[in-house]
1. In nm, to one decimal, how far is the residue 20 label point from the residue 283 one, both placed 7 Å along Cα→Cβ?
2. Please order 30, 118 by the number of other Cβ within 10 Å, starting at the fewest.
3. Where in the stretch 164-197 does the label zone of residue 40 land, with the point 7 angstrom along Cα→C-beta and an amide N cut-off under 17 Å?
4. I'd like the Kirkwood hydrodynamic radius of the stretch 7-214, using the inverse of the mean 1/r over distinct C-alpha pairs, in Å.
5. Could you tell me the largest-minus-smallest coordinate of the C-alpha atoms of the stretch 114-189 on each of the three principal axes, in descending order and whole angstroms?
6. Based on the alpha-carbon gyration tensor of the stretch 175-303, what equivalent-ellipsoid semi-axes (square roots of 5 times the eigenvalues) come out, in whole Å, largest first?
7. Students often get this wrong: which residues of the stretch 69-89 have the backbone nitrogen under 19 Å from the point 7 angstrom along Cα-to-C-beta of residue 198?
8. Test of understanding: ordering 107, 42, 371 by Cβ neighbours within 10 Å, fewest first, what list do you get?
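Laboratory data are not the source of any read-out in this text; all were calculated from the coordinates shown. The model shown is predicted, which means the values in this text are computed figures rather than measured ones. Every residue, glycine as well, gets a Cβ built from its backbone with ideal geometry; the counts of neighbours run over all protein chains shown.
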Ligand code: AMP
């Protein structure tokens, strides 16, 4: 049990005041460990999952170290960049800088965030007025360096946040270019959710005799997150998802898909079914993404659907549920995804919909997190899927189908496999057959058709808001 207080960590009154106003009472484990080391001037390699309070773990001691430079002077020369925080995505950049602003509320230190996808000219004047703390994505920072709108020769603290993700996203060359422009004499702090060999190599290259902090077991998933897998055919996933959302008490659900296309289509489909859903992905403008995120935070959007890259760095307090519509192929991404829920001690739920084709990836995930996730087989009832039923005897065996002798037919369950070769087609589709690019999920190849009143599980139009509780249409059976 961690009984240290923020006062024990010898933080300055200006910082303590902001923490009290934020409602923080005790430091999280990563804060309790990191703050004294950063204040001592050590380089740091911290293995901390999202949701552990890692942002404050580096921002609070950073503010304390920069306080002697605080100045109310208007002169840009009095406000050189002294701390540089590099992050992999725009959303994380925005959130980290929001945290900096919150914690620095009573300090006369300036901060700014710069990221790509918006007009660079809007950022330049702010940079030129001078800021002590700069939060940036690597690519956009390099653009500013080239335009000479920023100088980094007075940086004394460098933070690489979510370093593992930066490597995954191919930022290594950009990082090397940026680091070459910084003063040799500086303090380096590296945060990563996972401790891969690449991360160890990066830390050996950029950190000087770093202190190692690991607040959770390497590659472990947040302990307060309940994980569950539904084994389900890919083609049935959208029906299962809609049902899970309706049957859930969760006020906010973050859904992960593999592709932007799936994210966009799922969001549209759910909207048509009365669910307050929106998608956040790279094809949307930065403004649209910020709006969607804001609506999600405010609760007007209850289901946010995104890809790994887009959803990276989302910090929504108390996010109760994450659903993996498709499980990631890189097992580390699973750790990142489910780290979106169960933040700062709150409990969370992580549900994964796993098709037979994805089971190999599930095995990899279980190997990484060193635990077996509870599994159930989900059988989507006939009326919930608008596929043609296969003629008798033509069903393809599904790997997750119930075993003989345990038939759920008394509850109206049916095999749902469409006729062979007709996955994506509807018998009444009036459109001429066009050459089709088949998707991994045949449902997405079909034209949209609103649920008809005849479907027994059709929900009455719901006002945008909390998904309605209703689970009866999903029949789930544990494998024997
Ligand atoms: P992070 O891991 O930095 O993304 O933080 C996750 C969430 O925990 C954020 O919403 C923070 O506002 C919150 N948080 C961080 N430190 C504390 C603390 N000491 N007490 C309560 N909440 C905290």
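1. Reported label-point gap for residue 20 and residue 283 is 5.1 nm.
2. Numbers: 30 24, 118 15.
Sorted ascending by nearby Cβ count, the order is 118, 30.
3. 187-190
4. Values: mean 1/r = 0.0587 Å⁻¹.
Result for the stretch 7-214, one decimal place: 17.0 Å.
5. 31, 28, 18
6. Details: eigenvalues 293, 82, 41 Å².
In descending order, the three semi-axes are 38, 20, 14 Å.
7. 86-89
8. Values: 107 21, 42 18, 371 12.
Final ranking by Cβ density, sparse to dense: 371, 42, 107.
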